[in-house]
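Since every read-out is calculated from the coordinates, none of them should be taken as a lab result. Remember, predicted model here, so these are calculated numbers, not experimental data. Because the Cβ atoms are built from the backbone with ideal geometry, glycine has one as well, and the counts that use them run over all protein chains shown.
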Amino acid sequence: MTNSTYPIGTPGKKWNNNDKAQWLKRQNIKRSYQNEVVTLINDLKGTLNIEQYGELNYTAGTYPLYILKTPNFNANKPTVLITGGVHGYETSGVHGALRFAKTSAMQYCEQFNIIVAPCISPWGYETINRWNPDAIDPNRSFYEGSPAQESAAIMAFIKSLGTDLIAHIDLHETTDSDNSEFRPALAAREGTTNTNWNIPDGFYLVADTKKPEPEFQKVIIESVAKVTHIAPSDENNQLIGVPQEQFGVINYAARDLGLCMGFTDAPYVTTTEVYPDSPTATDEECILAQVAVITSALNYITTSTKD
Ligand SMILES: [Zn+2]
């Protein structure tokens, strides 16, 4: 699909409220946040602390929002934030965060306070969507006065802690549906033309231009390479139209773009991009790749911040 054939709106014109309502009408529930996500969160009761940090309120539905925390939060330990499901359709982000919480978080709770927000966008999870019901991309909306309930809720919660973070890892995927649906939808909504159709075949990381931490990214790439293949750059040495900084890594101006990974002052940040549509990647492999990112990041920080 190209944006000129996207079924909503007028080519060359930004969507109005009627176009957005037309778009919303076409979305429907395909899977259950309660059954697939909240159930797994509740399974961890007794090991991790569960807190509701907010609630989404849409005509399309009401969704409680949860974080998981390691026990014994202590001001002497550095605090780490893991976010998944900012884009609800990116399944391994949600289930990678939950798997880390289940299998690995307790191994790091002596060194770190860990906060896991496994599903920032539950409506997006249920409808397999990049946007929220208002046709807003939460991952372009992490700024003061955010128009996206999803982004505003987690930002307010983290701010309420009054704690500096040492690291923030945001778990994502790049999928074939980016080309079949989401890029054309974005171009249609904006009245523009999509020019980037590159879907990297494999895993890559997006670092923050302002604090790229290349060694940190490199260690993560090496760890993920043991689980799934890393995306080679294209003939222009780019991934998704952005110059490659090092093998498997591109940089984005996170805060300027309103990306989730840009909303804190954490010195170590990265965004994962798992490729679930690779002919060789299984759902399980994608989940394990996300877990490998988090554990290798925490190992790196433990080693590099030792006196
Ligand atoms: Zn994403």
Residue order, fewest to most beta carbons within 10 Å, for 65, 259, 24: 24, 65, 259
Across region 169-307, how large is the tail of the calculated P(r) beyond 26 Å, expressed as a percent of all Cα pairs? 22 percent
Filter the cross-link list 30/226; 20/159; 69/210; 77/211; 13/159; 45/159 down to pairs whose alpha-carbon distance in this structure exceeds 26 Å. 30/226; 20/159; 69/210; 13/159
Roughly how compact is region 3-304, stated as its Cα Rg over 2.2 N^0.38 Å to two decimals? 0.95
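List the relative contact order of the chain as a percent without decimals, with contacts defined as Cα pairs under 8 Å and 6+ residues apart.
The value is 21 percent.
Rg(Cα) of region 28-136 divided by 2.2 N^0.38 Å?
Ratio of Cα Rg to 2.2 N^0.38 Å: 1.08.
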If I take R0 = 41 Å and measure r between the Cβ atoms of residue 42 and residue 144 in this structure, what FRET efficiency does the formula 1/(1 + (r/R0)^6) give, to the nearest 0.05? 0.80
Derived scalar couplings ³J(HN,Hα) [region 79-90; Karplus, 6.51 cos²θ - 1.76 cosθ + 1.60; whole Hz; x for Gly, Pro]: 10, 10, 10, 10, 10, x, x, 4, 9, x, 6, 7
Provide the per-residue ³J(HN,Hα) series for region 26-36, in order, calculated from phi with Karplus coefficients 6.51, -1.76, 1.60 and θ = phi - 60°, each as a whole number of Hz, with x at glycine and proline positions. 7, 8, 9, 6, 10, 7, 9, 4, 4, 6, 9
Run the quick spin-label model on residue 58 and residue 283: label points 7 Å from Cα toward the beta carbon, then report their separation in nm to one decimal. 2.2 nm
Using a simple spin-label model with points 7 Å from Cα along the Cα→Cβ vector, what separation in nm is obtained for residue 34 and residue 180? 2.9 nm
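Kindly put 106, 261, 155 in sequence by how many other C-beta atoms sit within 10 Å of each C-beta, fewest to most.
106, 155, 261
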Fewest-first ordering of 172, 229 by Cβ atoms within 10 Å yields 229, 172
